[in-house]
Amino acid sequence: MWTPVPVVHMICILLVAPSASENFLNGNDYNYGYGKCDAHHYGSSCNSTCPDACNIPFVQFVRRVCNVINGSCSHGCAHSNTYGPFCEMTCPSTCKTIFFSLFHRVCDVFNGSCSHGCLNNSHYGPFCNLTCPNTCNTANGRVCDVIDGSCSNGCANKSYYGPFCNLTCPKTCKGVNLGIGRKCDIFNGSCSNGCANNTFFGPFCNMTCPKTCNKMIFDIDRRCDVFNGSCVNGCADSNNYGPFCNLTCPYTCNKANGRICDGIDGSCSNGCANNSYYGPFCNMTCPNTCFNATGRVCDVFNGSCLNGCVDSVYGTNCNMTCPNTCFNATGRVCDVFNGSCSQGCAHSFYGSHCDMMCPKNCRKIADMPSCHFEDGTCLAGCLDGFYGRTCLDVCDYCVNNTCYQDDGVCIEGSSEGHRHDVDVLKRKPDPPTSNDATNEKSGAPKPFPVHTLVGIIGGVVGVVVVVAAVFIVHRNRSCRHK
């Protein structure tokens, strides 16, 4: 906005620009290369008159009225209601005017925008040429914002929303009660009072409840949650489950007693339809190694085999194979609980699980095991040169490398350079004969073995010799004393 230059400022200019005042006193004016023009003319020949709408400076002998080159108003417009370079344009009629218009412009001197706002509260914009939306609330003075036209006081109708109240609330929003409150949020249009219909949900009530949701008898209550659409009354079909009833119960569930599966997690509430399935969802098959008797094949909870296992496997779930070293007779190969070999071991193995090999020094028997299946004792004796229960001991210096299996005494004597009597002493007494058994039964005394008699006789002779020696020594001492 242009303001006339005060007289004081003019005097200051005279003081700081003496050359200009001197030119005027000499009858001259400013010269810009277009000739010497007075304050009211311009142009190269000074034959053009400054516009009448230009403001005339208070001290004319100091300031020009218009530009000496193009005639534009150098000091603004004479009237506060005009604007433009030549003050030829009129301010918009919708601009607000100030009472003291001498000192305040109606519009901007350069672009004509309303300097003091709009004359009418229903207009807005820089030039006050725009009308406020008719959906704005007219309370509290202005109808809309003077800058952008947004509804400053909200919307006149409770069914509209948005900055300019030009958007309509969704039809699915619940209406206001007794005219109190808004139908939707004034900023984003979300349904403030919920949904008009119990089958819609979401912030804008623009989503429909799943068809799988259960209806109440009179269908008065909500069919689904107003926020997320989950079925609040459960599922309409007993074969569906989940929060939105969009999941189907497993086909392996038992269909008895109403619901087929749990309405929340889909687990089979009534057990499994087929005796060969197990688990909470009946989605696991009983092991094919279970014995398939009448009724359930395996436990419905953990899958353990209820009727035992087929012949070649063992364990709770029949998932372990019997040792292949078990004797493979007809029927069960191993114990169904611990896997021990029920029918004994195959050739050359022993132990409860037939996991140990018979001693390599056992004598082999065609088509027969070479050792006892429980403790590994060699059944047919030892190979030449070995003795003992498991044929691990070596015969010592025996002729033809043969010795008795039970005690290792050489059968044909010791080799040269070794005493045979050592073998005799090492030899254990022979087992009782049938005659000895008969004597034991009849009560008749048994004859002493030869080596026992030799020992007894030798002992008696030794005692006699000692007694005789003592007697001789005693007699000699008696004779000396006499």
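Residue-wise, which Karplus ³J(HN,Hα) couplings in Hz belong to region 232-239, taking 6.51 cos²θ - 1.76 cosθ + 1.60, θ = phi - 60°, and x for glycine or proline?
For region 232-239, the Karplus-derived couplings read 7, 10, x, 9, 5, 9, 5, 9 Hz, x marking Gly and Pro.
How large is ³J(HN,Hα) for each residue in region 193-206, as worked out from phi by the Karplus curve 6.51 cos²θ - 1.76 cosθ + 1.60 (θ = phi - 60°), to whole Hz, x for Gly and Pro?
Residue by residue, region 193-206 yields 9, x, 9, 5, 10, 6, 9, 10, 8, x, x, 10, 6, 10 Hz.
Quick one: of 183/211; 174/215; 215/255; 158/215, which pairs are farther than 24 Å apart, Cα to Cα?
183/211; 158/215
How far is it, in nm, from the label point at residue 328 to the one at residue 299 when both lie 7 Å from their Cα along the line to the Cβ?
In this crude spin-label approximation the distance works out to 3.2 nm.
Once fully extended, how much extra length lies between residue 236 and residue 193, figured as 0.36 nm per residue of separation less the alpha-carbon to alpha-carbon distance?
12.7 nm
Can you tell me the order of 118-126, 331-339 when each peptide is scored by its average per-residue count of other Cβ atoms within 10 angstrom, highest first?
Packing proxy ranking, top to bottom: 118-126, 331-339.
Which residues' amide hydrogens lie under 5 Å from the amide hydrogen of residue 184, considering only partners 5 or more residues apart or on another chain, with H built in the peptide plane?
Close amide H contacts, sequence-distant or interchain: 192.
Within 10 Å, count the other beta carbons around each residue, average over each peptide in 259-266, 73-80, and list them highest first.
73-80, 259-266
Check which residues have an amide H placed less than 5 Å from residue 253's amide H, if you skip close sequence neighbours.
Under 5 Å from the amide H of residue 253 lie the amide H atoms of 273, each far enough along the sequence or on another chain.
Hey, with R₀ at 60 Å, roughly what FRET efficiency would residue 89 and residue 185 work out to, going by the Cβ-Cβ distance, to 0.05?
On the way: r = 45 Å, r/R0 = 0.75.
My answer for the efficiency is 0.85.
First measure r as the distance between the Cβ atoms of residue 52 and residue 148, then evaluate 1/(1 + (r/R0)^6) with R0 = 41 Å and state the FRET efficiency to the nearest 0.05.
Step by step, r from the Cβ atoms, then E = 0.60.
Given labels modelled 7 Å from the Cα in the Cβ direction, how far is it in nm from residue 411 to residue 307?
For the pair residue 411/residue 307, the computed spacing is 5.6 nm.
Residues with amide H under 5 Å of residue 224's amide H, sequence separation 5 or more or different chain, H placed in the peptide plane at 1.01 Å from N; which?
Amide H to amide H, under 5 Å and 5 or more residues apart or across chains, residue 224 pairs with 232.
Give the residue list of trypsin sites (Lys or Arg not before Pro) in region 153-193 that are DSSP loop and have at most 14 other beta-carbon atoms within 10 angstrom.
The qualifying sites are 171.
For region 123-259, calculate the relative contact order in percent as a whole number, restricting contacts to Cα pairs under 8 Å that are 6 or more residues apart. Kindly include the intermediate steps, with their values, before the conclusion.
Numbers: 281 pairs, mean separation 17.5, N = 137.
Computed value for region 123-259: 13 percent relative contact order.
Can you work out the Karplus-derived ³J(HN,Hα) for every residue in region 66-83? Use 6.51 cos²θ - 1.76 cosθ + 1.60 with θ = phi - 60°, whole Hz, and x for glycine or proline.
9, 5, 5, 8, 10, x, 5, 5, 6, 10, x, 9, 6, 10, 6, 9, 10, 7
Quick note: the coordinates plus some simple rules give every number you see, no bench work behind them. Bear in mind that the values here come from a model prediction, so they are computed numbers and not experimental data. Backbone-built Cβ (ideal geometry, glycine too); neighbour counts: all protein chains shown.
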